[in-house]
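A.B. asks: This structure is in structure tokens; I'll ask about it shortly.
What follows draws every value from the coordinates through simple rules; no lab data is involved. These numbers were taken from a predicted model, which means no experiment stands behind them. Cβ sites come from the backbone with ideal geometry, for glycine too, and all protein chains shown count toward neighbours.
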Amino acid sequence: MESTTVAELVQARWGDHRAGLWFEGRTLTHHQVAAGAAARAALLADLLPAGSEPHVGVLLDNTPEYPLWLGAAALARAAVAGINPTRRGPELARDILHTECRILVTEPAHLPLLTGLDLPGVRLLLTGSEEYDSLLAPYADARPDASRADPHDRLLLYFTSGSTGAPKAAICTQGRLAAAGRALAGQFDVRPGDVHYVCMPMFHGNAVIADWAPALAAGAGVALRRRFSASGFLADVRACRATYFTYVGRAIQYVLATEERPDDRDNPLRVGFGTEAGAADAAAFERRFGVRLVEGYGSSEGGAAVQWSPGTPAGAVGRAAPGLVVLDPETGEERPPAVFDAGGRLLNGDEAIGELVNRGPNPFEGYWRNPEAEAERRRDGAYWTGDLFCRDADGYLYFAGRADDRLRVDGENLAAAMIENILARYEGVDSVAVYPVPDPVTGDQVMAAIAGTFEPAAFARFLAAQPDLGTKMAPRFVRVLERMPVTATNKIHRALLRREGVHCTDPVWWRPPGEPAYRRLTSEDAEGPLVSPRNAFSWAKAPRVGEGPSSVRRQGLEPRTR
């Protein structure tokens with residue numbers, strides 16, 4: 001009988017004396033991991049105050065304590081709130097208090113982050129300390145008991161994007177996590193002899209749901225990297241004989257930027273699963289390392305997912321499952337199918353692009369203590385992803401950008417992802433982000449941030465040569481960076497780029513209206529009437545996608561995850 005709870009999956013490893021967890025030269029067996037989870041579950045049951053929410057904050061790097069506490073929470077019918085160690089001060093305290101954690105597990109390296117924070121009612125457990133070891137000692141003989149666990153028990157409270165306010169804590173139950181683990185283990189044919197390399201941060205849903213859970217479901221091993229390291233990637237994979245890994249954001253790009261070696265293909269990896277690698281980087285990764293990358297789309301909250309399958313057209317994420325539709329965000333009406341010409345250009349972008357919505361059953365389980373955000377996701381009995389897509393006549397979906405990435409230029413709605421995919425062809429670009437800055441009169445102007453080499457005359461010639469670059473899609477401003485700012489999960493920090501706009505410390509080039517060439521933006525330019533907004537129009541309140549022409553080549557569209 002299939003396990004329906006994570007607690008059952010943890011208990012199933014009791015008595016399994018194969019190597020099960022690798023970390024910095026140390027190895028634990030599956031049995032030792034199950035025993036460690038059981039000891040922590042027993043301790044947790046005694047420490048949690050009566051009547052409190054059974055929530056444990058975990059402020060850790062990817063150390064063995066992280067999966068041990070995940071297993072402990074499952075056995076104790078408690079929930080782990082993954083605390084982001086890149087948060088600081090009041091924001092960090094807010095995350096801990098918002099999720100009502102009565103216990104906070106951390107490590108010496110993160111202890112300074114808590115200095116001066118007011119955390120009433122929160123008990124601190126410091127891993128690696130004598131006090132911690134003495135607290136666990138009486139429970140050394142505990143055995144995992146999954147008999148009381150229920151599929152509906154909360155297990156995870158993981159924070160999603162905070163770009164438009166405080167991060168939201170999405171809820172994931174034991175049943176949903178166990179089901180996700182089984183599904184991914186089946187999709188990638190994970191077997192007990194496999195080893196999953198967990199290098200993405202475990203406070204984020206990707207590492208737990210897409211990497212740890214399928215390993216647990218299949219009885220496979222787990223190798224932990226304290227923090228992602230591009231230079232250490234291949235050495236880690238070889239040392240622990242990893243066969244599978246997940247990635248998000250720019251991680252693949254960072255690995256590709258390391259020095260190429262003749263023996264790069266000498267590694268045990270079978271597959272990498274993730275998002276935002278892009279078609280070009282995925283092909284380069286496979287050529288260099290001999291490893292196939294599988295890109296997918298999934299909302300962090302679990303409300304919608306699209307899987308790639310054989311036969312998926314170039315640039316498409318995958319075929320829409322029953323219930324997945326593309327709707328007009330304002331009217332709720334379904335968008336017509338996307339029409340492509342023989343060269344792959346989308347001919348009816350403004351008609352076809354809309355918000356991806358799941359009208360069918362979905363596992364979204366809500367946000368912790370945030371009814372407003374939950375209501376935004378659940379509308380008219382459906383789950384609204386907040387992401388832009390179009391869908392062709394055969395049912396294949398193409399990612400077109402985030403709802404927050406929309407721009408309105410001279411009355412025309414544009415999707416940032418479309419422009420990014422074109423600019424990514426420019427030779428010397430390592431990464432690119434496109435976002436709106438206010439127009440001096442109304443609407444937006446297009447700004448691009450480029451990491452890599454930039455030569456203004458060559459860039460202008462490149463833009464003029466792109467057949468699918470609409471007349472209003474060319475960037476008015478180009479910010480040139482040595483390295484793209486990223487979040488703790490290696491995604492481009494778009495909120496920071498939008499917030500700084502042209503007022504940043506990096507060089508900014510611009511093309512004044514009516515001029516063919518780019519030139520450096522001066523402080524006088526930045527404060528002048530052609531740049532400074534006089535009547536800044538809030539693009540977020542502009543009419544939604546659906547007006548004016550739009551074009552994009554489907555070969556360039558890339559799947560993303562929220």
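A.B. asks: Between Ala321 and Leu135, with labels modelled 7 Å along Cα→Cβ, what's the label distance in nm to one decimal, could you check?
C.D. replies: Using points 7 Å along Cα→Cβ, the separation is 3.9 nm.
A.B. asks: If each of Arg379 and Ala495 carries a label point 7 Å out from its Cα toward its Cβ, how far apart are those two points in nm?
C.D. replies: Label-label distance for Arg379 and Ala495, simple model: 2.0 nm.
A.B. asks: First select every other residue whose beta carbon is under 12 angstrom from the beta carbon of Thr453; then total the charges, Lys and Arg +1, Asp and Glu -1.
C.D. replies: Neighbourhood net charge equals -4.
A.B. asks: Which order results if Thr63, Thr173 are arranged by neighbouring Cβ count within 10 Å, fewest first?
C.D. replies: Thr63, Thr173
A.B. asks: For the range 462-509, restrict the atom set to alpha-carbon positions and state the Rg and Dmax in Å.
C.D. replies: 13.2, 36
A.B. asks: In what order do Ser147, Ser300 fall by count of nearby beta-carbon atoms within 10 Å, going from fewest to most?
C.D. replies: Ordered by Cβ neighbours within 10 Å, fewest first: Ser147, Ser300.
A.B. asks: For the chain, return all DSSP H helices satisfying: extent of Cα atoms along own axis at least 18 Å; mean Kyte-Doolittle hydropathy at least -1.0.
C.D. replies: Membrane-span-like by this criterion, though nothing is claimed about a membrane: 30-47, 174-187.
A.B. asks: In units of 2.2 N^0.38 Å, what is the alpha-carbon radius of gyration of the range 1-76?
C.D. replies: Here the Cα radius of gyration is 1.15 times the empirical estimate.
A.B. asks: Averaging sequence separations of C-alpha pairs under 8 Å and six or more residues apart, then dividing by the length of the range 6-227, give the relative contact order as a whole percent.
C.D. replies: Over the range 6-227, the number comes to 24 percent.
A.B. asks: Continuing with this model, one more query. Once Rh for the range 319-404 is found with the Kirkwood sum over Cα pairs, what is the Stokes-Einstein diffusion coefficient at 37 °C and 0.692 mPa s, in µm²/s?
C.D. replies: Once the numbers are plugged in, D ends up at 242 µm²/s.
A.B. asks: Calculate for the chain the 222 nm mean residue ellipticity that helices alone would give, adding -39,500 (n - 2.57) per DSSP H run of length 4 or more and normalising by residue count, nearest 500 deg cm²/dmol.
C.D. replies: That comes out to -6500 deg cm²/dmol.
A.B. asks: With θ set to phi - 60° and the Karplus curve 6.51 cos²θ - 1.76 cosθ + 1.60, what are the ³J(HN,Hα) couplings of the range 123-133 in order, to the nearest whole Hz, using x for Gly and Pro?
C.D. replies: With the stated coefficients, the range 123-133 comes to 8, 9, 10, 9, 5, x, 8, 4, 4, 4, 4 Hz.
A.B. asks: Separate question: Applying a 10 Å radius around every beta-carbon, put 349-357, 105-113 in order of their mean neighbour count, most first.
C.D. replies: 349-357, 105-113
A.B. asks: Provide the FRET efficiency to the nearest 0.05 for the Arg191-Arg238 pair, computing r from the beta carbons and using R0 = 25 Å.
C.D. replies: The computed FRET efficiency comes out at 0.80.
A.B. asks: In sequence order, what are the phi-derived ³J(HN,Hα) couplings for the range 4-12 according to the Karplus relation 6.51 cos²θ - 1.76 cosθ + 1.60 with θ = phi - 60°, rounded to whole Hz, with x for glycine and proline?
C.D. replies: 9, 10, 5, 4, 5, 5, 5, 4, 5
A.B. asks: On to the next question. By per-residue mean of other Cβ atoms within 10 Å, what is the highest-first order of 237-245, 208-216?
C.D. replies: Answer by packing, highest mean first, reads 208-216, 237-245.
A.B. asks: Note down, for the range 167-271, the three equivalent ellipsoid semi-axes (square root of 5 times each alpha carbon gyration tensor eigenvalue), biggest first, whole angstrom.
C.D. replies: 25, 17, 10
A.B. asks: If you take all C-alpha pairs in the range 306-361, what percent of them are over 16 Å apart?
C.D. replies: 51 percent
A.B. asks: Below 8 Å between Cα atoms, with a sequence gap of 6+, how large is the relative contact order for the chain in percent?
C.D. replies: 12 percent
A.B. asks: For the range 6-227, report the translational diffusion coefficient in µm²/s to the nearest whole number, using Stokes-Einstein at 25 °C, 0.890 mPa s, and a Kirkwood Rh over Cα pairs.
C.D. replies: D, rounded to a whole number, is 142 µm²/s.
A.B. asks: Let me ask something additional. Would you mind classifying the range 384-503 by shape? Square roots of the alpha carbon gyration tensor eigenvalues, ordered a ≥ b ≥ c; an a/c under 1.5 is rounded, otherwise it is prolate if a/b is larger than b/c and oblate if not.
C.D. replies: rounded
A.B. asks: Moving on to the next point. In what order do Leu70, Leu256 fall by count of nearby beta-carbon atoms within 10 Å, going from fewest to most?
C.D. replies: Leu256, Leu70
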